[in-house]
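**Q** Take this structure first; my questions come after.
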């Protein structure tokens, strides 16, 4: 049973994105891409701390050993949240200065998958990459336009992926031991009148939760039937991503974007971080194992 939607942090982020639950520390990492900020929400204290990064972040994940790994405009970096120091790892698109990293997550074996987007929206100029635990990068999908939501099924057999302008969720057979993906097929066709599919997460029942950019909601989908099962209305035009967190992984954290002044007039809390009890448990966020 759904609880009541709560405005957790009234940040008014320009482009709030990339929520990731750090189960060990009971913290939520989330980003303001255009604001060049990493936010860390402490569950126990109910406080939000901000780290200014100096360049646009796309996605961040906890690291198994310590700290975090973050994908910025200039590639992958290790991050020490205590000292706020960044250490470069690799930039697979150093030859493409007009691209930046966007959404990403770790897979069940602790590899960090993250994709890119062109700063001016040029089509088919980006890609999805995987930072392996040996710190080598592999290109997984080419000719992407806006690399966005991704998730792995609870049985670790399927990888789900969103390239936003396609208005589809694509599934791939996934081999956990090697990270190989194959047999792409479309499993969800997103209704154009409901906005654009953005960030995505998965629950323990294998259902996908997708943020609606320009659609003011998060929806839950069955990837086996392609049916939308339910939705949560969010008081922001641009809902960007969502993830499960909290001590029991039954709270959905939702990021939003401020986008423009018109959006703020209609939705004064756009750019905030929201939370809702879902009555359904999510899958834990995997940590980078390199």
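The values are calculated or read from the model by the stated rules, or taken from the named source; none is laboratory data. Remember, it's a predicted structure, so these values are computed and weren't measured experimentally. FYI the Cβ positions are ideal-geometry reconstructions off the backbone, even for glycines, and counts take in every protein chain you see.
**Q** Could you please find all residues in region 192-212 being over 13 Å from residue 222 (Cβ atoms) and touching a residue at least 12 places away in the same chain (Cβ under 8 Å)? Even if it seems obvious, please write down each step before you answer.
**A** Going through region 192-212, the residues over 13 Å from residue 222 (Cβ atoms) turn out to be 192-201, 204, 211-212.
Selection gives 192, 194, 195, 196, 197, 198, 199, 200, 201, 204, 211, 212.
**Q** Also, quick follow-up: Within region 197-217, can one find any residue that is assigned to a loop (DSSP other than H, G, I, E, B), in contact with a helix residue (DSSP H, G or I) (Cβ under 6 Å, 6 or more places away or on another chain) and crowded, with 17+ Cβ neighbours inside 10 Å? Steps first, please.
**A** Within region 197-217, the subset assigned to a loop (DSSP other than H, G, I, E, B) is 204-207, 214-216.
Keeping just the survivors that are in contact with a helix residue (DSSP H, G or I) (Cβ under 6 Å, 6 or more places away or on another chain) gives 215.
Now drop any that are not crowded, with 17+ Cβ neighbours inside 10 Å, which leaves 215.
Scanning region 197-217 turns up at least one residue that is assigned to a loop (DSSP other than H, G, I, E, B), in contact with a helix residue (DSSP H, G or I) (Cβ under 6 Å, 6 or more places away or on another chain) and crowded, with 17+ Cβ neighbours inside 10 Å.
**Q** Determine which single condition residue 229 fails, assuming it passes every other condition in (1) over 17 Å from the mean Cα position of the chain (by Cα); (2) buried (at least 16 other Cβ atoms within 10 Å of the Cβ); (3) assigned to a strand (DSSP E or B).
**A** (2)
**Q** Go through region 173-192 and give me each residue that's surrounded by fewer than 17 Cβ atoms within 10 Å (Cβ to Cβ) and modelled with pLDDT of 95 or more. Give the steps one after another, and end with the answer.
**A** The initial filter retains those residues of region 173-192 that are surrounded by fewer than 17 Cβ atoms within 10 Å (Cβ to Cβ), namely 173, 175-178, 180, 182-186, 189, 191-192.
Across region 173-192, the qualifying residues are 173, 175, 176, 177, 178, 180, 182, 183, 184, 185, 186, 189.
**Q** For region 243-271, name all the residues that are closer than 13 Å to residue 216 by Cα and surrounded by 24 or more Cβ atoms within 10 Å (Cβ to Cβ).
**A** 254, 255, 256, 257, 258, 270, 271
**Q** With the checklist (1) within 29 Å of residue 195 (Cα to Cα); (2) without any contact (Cβ under 8 Å) to a residue 60 or more places away in the chain; (3) in a loop (DSSP other than H, G, I, E, B) in hand, flag the one item residue 154 doesn't pass.
**A** All conditions pass for residue 154, except number (2).
**Q** Give region 167-188 a look and list any residue that's out of contact with any helix residue (DSSP H, G or I) (no Cβ under 9 Å at 6 or more places or on another chain), outside any strand (DSSP E or B) and touching a residue at least 12 places away in the same chain (Cβ under 8 Å), or say none.
**A** Step one: list which residues in region 167-188 are out of contact with any helix residue (DSSP H, G or I) (no Cβ under 9 Å at 6 or more places or on another chain), which gives 168-185, 187-188.
Still in the list and also outside any strand (DSSP E or B): 175-180.
Of everything in region 167-188, those that are out of contact with any helix residue (DSSP H, G or I) (no Cβ under 9 Å at 6 or more places or on another chain), outside any strand (DSSP E or B) and touching a residue at least 12 places away in the same chain (Cβ under 8 Å) turn out to be 176, 177, 179.
**Q** Still on this model: Counting only residues that are over 20 Å from residue 258 (Cα atoms) and touching a strand residue (DSSP E or B) at 6+ places or on another chain (Cβ under 8 Å), which one in region 29-45 is surrounded by the most Cβ atoms within 10 Å (Cβ to Cβ)? First the steps, then the outcome.
**A** Just the residues of region 29-45 that are over 20 Å from residue 258 (Cα atoms), to begin with: 42-45.
Going one step further and asking which of them are touching a strand residue (DSSP E or B) at 6+ places or on another chain (Cβ under 8 Å), we end up with 42-43.
Values: 42: 13, 43: 16.
Only one residue tops the list, namely 43.
**Q** Next up: Write out, first by first residue and then by second, each pair whose Cβ atoms fall under 7 Å of each other, whose residues are 6+ apart or on separate chains, and whose first residue, in region 79-90, is over 17 Å from residue 59 (Cβ atoms) while the second is assigned to a loop (DSSP other than H, G, I, E, B).
**A** Listed pairs, sorted by first residue: 80/67.
**Q** Kindly indicate whether residue 162 is closer than 20 Å to residue 221 by Cβ and touching a residue at least 24 places away in the same chain (Cβ under 8 Å). Break it down into steps so the answer makes sense when it comes.
**A** Values: closer than 20 Å to residue 221 by Cβ: yes; touching a residue at least 24 places away in the same chain (Cβ under 8 Å): yes.
Criteria met by residue 162.
**Q** When the residues of region 123-150 are narrowed to those that are touching a residue at least 60 places away in the same chain (Cβ under 8 Å) and in a strand (DSSP E or B), which ends up nearest to residue 63 (Cα to Cα)? Step through it out loud before you land on a result.
**A** To start, the set of residues in region 123-150 that are touching a residue at least 60 places away in the same chain (Cβ under 8 Å) comprises 131-135, 137, 149.
Still in the list and also in a strand (DSSP E or B): 131, 137, 149.
Working: 131: 13, 137: 17, 149: 20 Å.
Across region 123-150, the extreme among qualifying residues is 131.
**Q** Check whether at least one residue in region 89-100 is part of a strand (DSSP E or B), more than 20 Å from the chain's Cα centre (by Cα) and on the phi < 0 side of the Ramachandran plot, and report yes or no. Steps first, please.
**A** Within region 89-100, the first condition is being part of a strand (DSSP E or B), and the residues that meet it are 89-90, 99-100.
Those left that are additionally more than 20 Å from the chain's Cα centre (by Cα): 89-90.
Now restrict to residues that are on the phi < 0 side of the Ramachandran plot: 89-90.
Within region 89-100 (the criterion being part of a strand (DSSP E or B), more than 20 Å from the chain's Cα centre (by Cα) and on the phi < 0 side of the Ramachandran plot), the answer is yes, since at least one residue qualifies.
**Q** Restricting to region 69-88, give me the number of residues that are assigned to a loop (DSSP other than H, G, I, E, B) and in contact with a strand residue (DSSP E or B) (Cβ under 9 Å, 6 or more places away or on another chain). Steps first, please.
**A** Step one: of region 69-88, the residues assigned to a loop (DSSP other than H, G, I, E, B) are 73-74, 81-84.
Checking the rest, the ones that are also in contact with a strand residue (DSSP E or B) (Cβ under 9 Å, 6 or more places away or on another chain) come to 73-74, 81, 84.
So the answer is 4.
**Q** Taking region 19-68 as the region of interest, how many residues are free of Cβ contacts under 8 Å to residues at least 60 places away in the same chain, farther than 30 Å from residue 120 by Cβ and part of a strand (DSSP E or B)?
**A** Matching residues across region 19-68 total 5.
**Q** Can you pull out every residue in region 255-290 that is outside any loop (DSSP other than H, G, I, E, B), touching a residue at least 24 places away in the same chain (Cβ under 8 Å) and either within 18 Å of the chain's Cα centre (by Cα) or farther than 28 Å from residue 1 by Cβ (or both)?
**A** Here is the first cut: in region 255-290, the residues outside any loop (DSSP other than H, G, I, E, B) are 255-257, 261-266, 273-277, 282, 288.
Next, from what is left, pick out any that are touching a residue at least 24 places away in the same chain (Cβ under 8 Å): 255-257, 263-264, 266, 273-277, 282, 288.
Result: 255, 256, 257, 263, 264, 266, 273, 274, 275, 276, 282, 288.
**Q** Could you give every pair whose Cβ atoms fall below 9 Å, whose first residue belongs to region 236-248 and is in a strand (DSSP E or B), and whose second residue is buried (at least 24 other Cβ atoms within 10 Å of the Cβ) and at pLDDT below 95, counting only separations of at least 6 or pairs across chains?
**A** Partner pairs satisfying both residue conditions: 238/258.
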